[in-house]
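Down below is the structure, laid out as C-alpha cells.
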Amino acid sequence: MKRVIVMGASSGIGREVCLMMLERGWQVGIAARRKDMLDEIRQAYPDLVKTRLIDVTTEDAPALLAELIKELGGVDVYLHASGFGKQNYNLDTDIEKHTVAVNCDGFAALIGSVFHYMNANDGGHIVSVSSIAGTKGLGIAPSYSATKAFQSTYIQALEQLSNMRGSKVRFTDIRPGFVDTPFLADAGRFPMLMDVSKVAKDIMDAIDNQSHVKVIDWRYRILVFFWRLIPNSVWRNLKVKGR
C-alpha cells in the first residue's frame, strides 16, 4: 500500500488524481488551502485520508508538510499539483508576484523539503505538475510560462543531483496542455481542451511507469515538438491571442 501526499488536492487535477489513488486503496495525505474540499474527501475515505491546511506561500508550509508526512507514517510518492496562473496582458505587478510566489518560491520550498526527507529515508518518487506553457515564453502570461519553465528545469536539476548523490529519489515532470478545470473557468475559450479524468489517468500511468517527463496528450506532444522548432527571431514577433 503506497503512502502518498497530494499538494493542491482540493480541486482540478490534484483532486482527480487523489480520488484515483484512493480508489486503489492507497493511504493519501491531502493538502490545500480550502478546508471544506479537504473535509469532503476525508469524509468519503475516512480510513485512508489525512489532511492538512497548507498555503504553499507561507513560511510554515514545509513544517506543516513534515507534520503530514509524520502523521501518514512516511511518504512514497509526493505529487505537487498546487499552482497559480493568469493571463496578464497588462503585466499587472500583483499577478506576476503572486504567480512567482506560488509556482517558484512555494514549489522550491516544498519540493526541496520532500527531497531532503526522501533522501534520508531510502528514497521515493517526486511528481510535479508543470505545463507545456514552459516550453516558450508566452506574452499573454509572462510569469506563468516563466515559472513553469522554472519548475521543469528544477525537477531536471534535482534528478541529476539525486543521481550524483547515488540517491533513490526518482522524479516525474508532468506537462499537460489546457485542461477543463476550474483553473481555466474564467480564462476564456481554449483549443484542444482535455478532460480532467483522462489527464488524471495519464498521470497515474506516468507514476506507475516512473516516467521522467510526460507531456499530456499526443496532440500536445506534436504541438510542443513544433514549438521548439520555431526560431526565437520568429517567436518574439508572433501575436499570441488571449481570450
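Throughout, read-outs are computed from the coordinates displayed, never taken from laboratory work. This is a predicted model, so every value here is computed, not measured. Here Cβ is always computed from backbone atoms with ideal geometry, including for glycine, and neighbour counts include all displayed protein chains.
Using alpha carbons only, what's the Rg to Rh ratio of segment 15-126 with Rh from Kirkwood?
Using Cα coordinates only, the ratio equals 1.00.
How do 216-229, 120-133, 83-96 rank on mean C-beta neighbours within 10 Å, highest first?
Put in order of decreasing packing, that is 120-133, 83-96, 216-229.
Return a single number: how many Lys pairs in segment 32-134, at a sequence separation of 8 or more or on separate chains, have alpha-carbon atoms below 27 angstrom apart.
6
Only helical DSSP H runs with n ≥ 4 go in: add -39500 (n - 2.57) per run for the chain, normalise by residue count and round the 222 nm mean residue ellipticity to 500 deg cm²/dmol.
-14000 deg cm²/dmol
Per residue of segment 137-144, in order, report the coupling 6.51 cos²θ - 1.76 cosθ + 1.60 (Karplus, θ = phi - 60°) as ³J(HN,Hα) in whole Hz, putting x for Gly and Pro.
x, 9, x, 7, 8, x, 5, 5
How big is the dipole moment of segment 197-243 about its Cα centre under a simple scheme where the beta carbon of each Lys and Arg is +1, that of each Asp and Glu is -1, and everything else is neutral? Debye, nearest 20, please.
Roughly 440 debye for segment 197-243.
Test of understanding: in a Gaussian network model of the chain with alpha carbons linked when under 10 Å, which of Leu19, Leu68, Leu161 would top the mean-square fluctuation ranking?
In this elastic network of the chain, the residue with the biggest mean-square fluctuation among Leu19, Leu68, Leu161 is Leu161.
Can you list, largest first and rounded to whole Å, the semi-axes you get for the chain by taking the square root of 5 times each eigenvalue of its Cα gyration tensor?
Result for the chain: semi-axes of 29, 20, 18 Å.
When only C-alpha pairs under 8 Å and at least 6 residues apart count, what is the relative contact order of the chain, in percent?
18
Going by average Cβ density within 10 Å per residue, which order do the peptides 57-66, 167-176, 196-205 take, highest to lowest?
167-176, 196-205, 57-66
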